[in-house]
1. Which of the residues belonging to the stretch 367-382 are in a helix (DSSP H, G or I) and either open to solvent by 20 Å² or more (accessible area, probe 1.4 Å) or closer than 15 Å to residue 330 by Cα (or both)?
2. Pick from 417, 426: which is modelled with pLDDT of 95 or more and either over 21 Å from residue 367 (Cα atoms) or of a type in the set (Val, Ile, Thr) (or both)?
3. Kindly indicate which of 387, 382 is in contact with a Phe, Trp or Tyr (Cβ under 7 Å, 6 or more places away or on another chain) and among the β-branched types (Val, Ile, Thr).
4. For the stretch 418-446, give me the residue count where each residue is buried (at least 18 other Cβ atoms within 10 Å of the Cβ) and not in a loop (DSSP other than H, G, I, E, B).
5. Only residues in the stretch 135-160 that are at positive phi count as the first member; pair them with residues that are in a helix (DSSP H, G or I) and at pLDDT below 95, Cβ under 9 angstrom, at least 6 apart or cross-chain, and list the lot.
6. Among the residues of the stretch 274-318, which ones are open to solvent by less than 20 Å² (accessible area, probe 1.4 Å), under 23 Å from residue 212 (Cβ atoms) and either part of a loop (DSSP other than H, G, I, E, B) or at pLDDT below 90 (or both)?
7. State which residue pairs qualify: first residue open to solvent by 30 Å² or more (accessible area, probe 1.4 Å) and inside the stretch 99-116, second residue at pLDDT below 95 and not aromatic (Phe, Trp, Tyr) in any location, beta carbons under 9 Å apart, and separation of 6 or more residues or different chains.
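The values are calculated or read from the model by the stated rules, or taken from the named source; none is laboratory data. None of these values were measured; they are calculated from a predicted model. Methodologically, a virtual Cβ is constructed for each residue, glycine included, from the backbone with ideal geometry; neighbour enumeration extends over all protein chains shown. The protein model used for the area step is the full one, side chains on, heavy atoms only, and it has no ligands, DNA or RNA in it. Shrake-Rupley method; radii C 1.70, N 1.55, O 1.52, S 1.80 Å.
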Amino acid sequence: INFTHSVASGDPIDDSVLLWTRAAPASDGAQPDQDIPICVSFKIFDNPSLSGRAIDTGEAFTTYDVDWTLKLEATGLKPDTSYWYQFADCTNPETVSPVGKTRTISSPDTPAEQVNGGKPLTLAVFSCSQFQAGWFNAYGVAAHNTSAEIFIHLGDYVSIPVYFLIIGVKFTAKIGRKVLGRELATIADYRQRLNQYRTDASLIAAHESAPWITDDHEVADQSWKAGTADSNDTAVGCSFSPSGACFTDRKWAGVRAYHEWMPIRQVDTSDKLRIWRNFQIGKLLDLTMLDTRQYDRDITDVHVNSIADVTNRSLMGTEQENWFYSTLSQSKERGATWRIVGQQIVFTQLNESGVCMSPADAWDGYRANRNRILDYLYQNKIDNTVILSGDSHANWASDLAHPNDTVTYDPTTGDGAIGVEFAGTAVTSGSSFGTGILPDAADAISQIYVEVNTDLQWSEGSYRGFFTLTLDTQFANATYYAMNNISNPNLDAFASANFVVKNGANKLMRPVAGGSVLAGVLKSSVVGH
């Protein structure tokens with residue numbers, strides 16, 4: 001057998017973690033026998049040399065029916081501890097996978113100052129990878145050049161924008177990375193795309209180096225609970241693909257392939273669409289992962305202003321929304337210092353000269369739902385909330401407050417805010433300011449954004465990259481990293497901006513970013529604060 005895509009791990013808790021690999025039959029190109037399963041074993045150790053007695057071991061079978069992927073749960077682990085693991089062929093133990101590194105998180109009742117052995121805990125945050133748009137260097141920089149111990153992915157692990165399909169860019173790329181296949185519709189389509197993405201060297205390294213916590217089933221562009229930008233369950237909506245797949249078929253195919261290829265837990269066996277879940281990492285933080293894409297989202301309006309203010313529309317669905325409120329309150333009640341919320345789309349209002357410029361599927365298209373969340377935070381005095389976002393293919397840093405509220409909230413001092421949002425750019429997908437836009441041109445657009453939007457404190461739209469969030473009992477520190485070149489594999493990057501949030505302040509520390517950034521535009525540099 002061949003371990004074709006190395007190893008990965010994910011969804012760590014205090015005594016277990018999921019381990020993943022793909023063990024495919026070695027062949028000369030012929031189709032493997034679909035009837036014969038493959039037995040794979042694993043061992044997990046508390047040292048990188050894999051010496052001494054294994055902490056946990058096990059065996060399991062994988063088959064053609066799950067694309068030769070395999071997920072196992074390593075159990076009986078100690079909280080807040082690093083581990084190293086390896087898979088092997090049961091019938092030939094000398095055939096082994098690469099070694100992966102993973103870890104557990106602290107037990108929920110661990111005092112905040114003792115989490116991660118008393119050291120600050122760093123998360124690396126990513127979104128929006130597109131294979132043909134560039135090499136996934138951001139993952140490699142995070143794996144090799146930061147101290148990140150858990151990787152968070154906020155949507156578009158596989159990017160499927162319809163506009164690329166329409167103009168034909170999908171099949172060509174100046175960098176020589178041609179994406180395989182067609183617009184995704186069937187289980188074979190989704191598996192092929194995930195298979196190809198997972199061949200990128202930086203992505204392999206990132207999965208080998210740390211556990212991942214992911215969200216957003218990869219289905220299609222601008223999807224909601226009953227359709228996408230170009231498909232639904234009508235006769236017309238089923239004609240988008242030569243396969244004849246309708247949206248429901250497409251959605252379940254995407255969900256199945258996602259669970260095959262990603263080290264993510266099945267949260268509820270009776271609700272296979274659910275991926276919203278919460279991680280209690282000691283009393284330092286709750287990491288709450290939402291699904292603002294697939295679960296029970298009302299229709300995405302491509303003409304965002306026409307129904308964006310309808311009060312009974314929901315981005316999350318009633319069940320998830322109520323669970324989110326309960327999770328926030330429980331986090332406060334149990335004494336967690338920080339409430340970190342991972343979700344896919346920009347929460348802050350983004351207007352350009354009075355015209356809403358956010359994508360139709362961002363929170364600007366579901367304003368009543370956004371207001372309900374802000375009201376809940378204010379009314380229940382839930383502090384230290386940090387929202388993490390992706391999707392927009394640009395960088396943003398904001399205070400959290402009701403849009404256009406200059407009575408309760410002061411954008412100069414940040415007083416009156418109820419939290420902050422850090423939204424990250426894409427790993428490779430083209431800028432929403434214009435694909436390939438240069439920094440000076442992007443800054444001209446950013447200047448308009450920070451002038452017009454009350455809460456927005458920083459905007460940057462040229463560089464591809466990621467950001468890290470480092471947490472301790474006193475501060476949350478976000479550092480944004482910009483890739484200098486994604487046209488070939490490299491680790492050439494720089495820290496473009498750094499933001500600090502003080503425990504209990506519920507706002508970005510002033511002066512924002514220390515008064516200076518290496519990319520993008522600060523509100524203070526434009527408005528003269």
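1. Result: 367, 371, 372, 375, 376, 377, 378, 379.
2. Going through 417, 426 in turn, the sole match is 426.
3. After applying the criteria, what remains is 387.
4. The qualifying residues number 9.
5. As it stands, the answer is none, since no pair meets every condition given.
6. Scanning the stretch 274-318 gives 275, 276, 282, 284, 290, 291, 292, 293, 294, 316.
7. From the stretch 99-116, no pairs qualify.
Residue by residue, here is whether (1) touching a Lys or Arg at 6+ places or on another chain (Cβ under 8 Å); (2) modelled with pLDDT of 95 or more holds:
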residue	(1), (2)
199	no, yes
204	yes, yes
208	yes, yes
212	no, yes
217	yes, no
223	yes, no
226	no, no
230	no, no
234	no, no
